[in-house]
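The values are calculated or read from the model by the stated rules, or taken from the named source; none is laboratory data. The model shown is predicted, which means the values in this text are computed figures rather than measured ones. Note that we place each Cβ from the backbone using ideal geometry, even for glycine, and neighbour counts take in every protein chain shown.
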Amino acid sequence: MAQAGDALTGLAIDIGGSKIAAARFQAGVIVARRRRATDGSLNVGAWIATIGELLADLGGTGAEPVGVAVTGRVDGEGRWSAINTDTLSGVDGVPLANDLQQRFGPRVVAMNDALAAATGEAIYGAGQGAPAMAYLTVSTGVGGGIVLGGRPLTSVDGLAGHIGFMTTRHGDVPCPSGRVGTLESVASGKAIEQAARAAGRADIDAAGVFHHWRRGDEWAAAIVQRSADAIADACANLKAALGLDVVVIGGSVGLAEGYLDLVRGASDREPPLFRVELRPAALGADSPLFGALHTANEAG
Ligand code: BMX
């Protein structure tokens, strides 16, 4: 799996809502890995220090390309901000690219985690050859990235591709982004946990809800189905807006056994014109690492 992208050499870090993954690539192969839990309440200095420790631990010299993928938006000047402030608190306009380049060399690139994953899947994974593709991660949040004609879609404010903050007809609750009825507030791992709490199962995380669903418990089936229905709804909307050929699904919820089949079933209830081919992420949880390092390599 880690053999794609022969040219990829350097370091990559993926800071998600629940875990930080770091890896050293050598000629397209991941040769070393590190992993930590995410502490969403860390201050800026602590984030930079954590990234520094991971880079040092992987033998970073400051001369190699480093791709850093983060949950949250990264604007055109490399400033990092949370959109869902429940996932990360106090991250608002952090000059991430600048700080990292000053400490760890000029070849550091910072970008949104789902955009990095979309780039990785488009070039090395399940989106290869698709003229128009999107990547959707269903994980702590719901992230997205769009690659059209081989070009990742970006915007100056870093919001482009944030599919999780589009609304869905399946949603009705407030989202920490400030919007109401977002995809993220219905379909994400956090939303699944919240729905379990509302069903009186406060002790159960998203993985536990999946366990109960597979055991045939109706309350869990309703929660998982609603998440899948909302993702299918978003895929049909994206097909209408962008004429996508493929949507690649990743993330710990997105890749949980049986979930993609539920999304496919819901998509099949859309009129044929609005259906889009759904594929699982070929690089698994490593898509953001591949895409971030690829982007750092391209940047020179
Ligand atoms: C949220 C948002 C996106 C991110 C997505 C998936 C924040 C902090 N994050 O929609 O930028 O791409 O989650 O990220 O606003 P993850 O935390 O689930 O890995």
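Exactly one condition in (1) near the ligand (Cβ under 9 Å from one of its atoms); (2) in a loop (DSSP other than H, G, I, E, B) is false for GLY144; which is it?
Among (1) near the ligand (Cβ under 9 Å from one of its atoms); (2) in a loop (DSSP other than H, G, I, E, B), GLY144 violates only (2).
One residue is enough: does segment 219-226 have a residue meeting the conditions buried (at least 21 other Cβ atoms within 10 Å of the Cβ), of a type in the set (S, T, N, Q) and over 19 Å from PHE165 (Cα atoms)?
No, because not a single residue in segment 219-226 is buried (at least 21 other Cβ atoms within 10 Å of the Cβ), of a type in the set (S, T, N, Q) and over 19 Å from PHE165 (Cα atoms).
Counting only residues that are over 18 Å from the mean Cα position of the chain (by Cα), within 25 Å of ALA56 (Cβ to Cβ) and within 16 Å of the ligand (Cβ to nearest atom), how many does segment 80-95 have?
2
For ASP57, only one of the following conditions fails: (1) modelled with pLDDT of 95 or more; (2) of a type in the set (Asp, Glu); (3) more than 16 Å from the ligand (Cβ to nearest atom). What is its number?
(1)
So which strands (runs of 3 or more DSSP E) stay within segment 1-104 end to end and still have 1 or more residues that are out of contact with any helix residue (DSSP H, G or I) (no Cβ under 8 Å at 6 or more places or on another chain) and surrounded by 21 or more Cβ atoms within 10 Å (Cβ to Cβ)?
So the answer is 19-26.
Are any of the residues in segment 159-177 of a type in the set (Asp, Glu) and within 12 Å of the ligand (Cβ to nearest atom)?
Scanning segment 159-177 turns up no residue that is of a type in the set (Asp, Glu) and within 12 Å of the ligand (Cβ to nearest atom).
I want to confirm something. Restricting to segment 105-137 and keeping residues that are hydroxyl-bearing (Ser, Thr, Tyr) and in a helix (DSSP H, G or I), which single residue is farthest from the ligand (Cβ to nearest atom)?
The selected residue is TYR124.
Filter segment 189-202 down to residues that are buried (at least 21 other Cβ atoms within 10 Å of the Cβ) and without any contact (Cβ under 8 Å) to a residue 40 or more places away in the chain, then give me how many there are.
The number of residues fulfilling the criteria is 3.
Which one of GLY178, GLY200 is within 24 Å of VAL91 (Cα to Cα), in the same structural domain as VAL138 (by TED's automatic domain parsing) and not aliphatic (A, V, I, L, M)?
Unique residue meeting the criteria: GLY178.
Tell me whether segment 20-41 contains one or more residues that are under 17 Å from GLY291 (Cβ atoms) and within 13 Å of the ligand (Cβ to nearest atom).
Yes, that holds for at least one residue.
For the structure I just gave you, tell me whether ASP205 is touching a helix residue (DSSP H, G or I) at 6+ places or on another chain (Cβ under 8 Å), without any contact (Cβ under 8 Å) to a residue 40 or more places away in the chain, of a type outside the set (Gly, Ala, Ser) and surrounded by fewer than 16 Cβ atoms within 10 Å (Cβ to Cβ).
Criteria met by ASP205.
Take VAL209 and decide whether it is more than 21 Å from GLY17 (Cα to Cα) and either aliphatic (A, V, I, L, M) or away from the ligand (no atom under 13 Å from the Cβ) (or both).
The answer is no for VAL209.
Kindly indicate whether GLY62 is on the phi > 0 side of the Ramachandran plot, over 15 Å from the mean Cα position of the chain (by Cα) and in contact (Cβ under 8 Å) with a residue 40 or more places away in the chain.
yes
Checking ILE192 against (1) within 13 Å of the ligand (Cβ to nearest atom); (2) closer than 21 Å to ARG73 by Cβ, which test does it fail?
All conditions are met except number (2).
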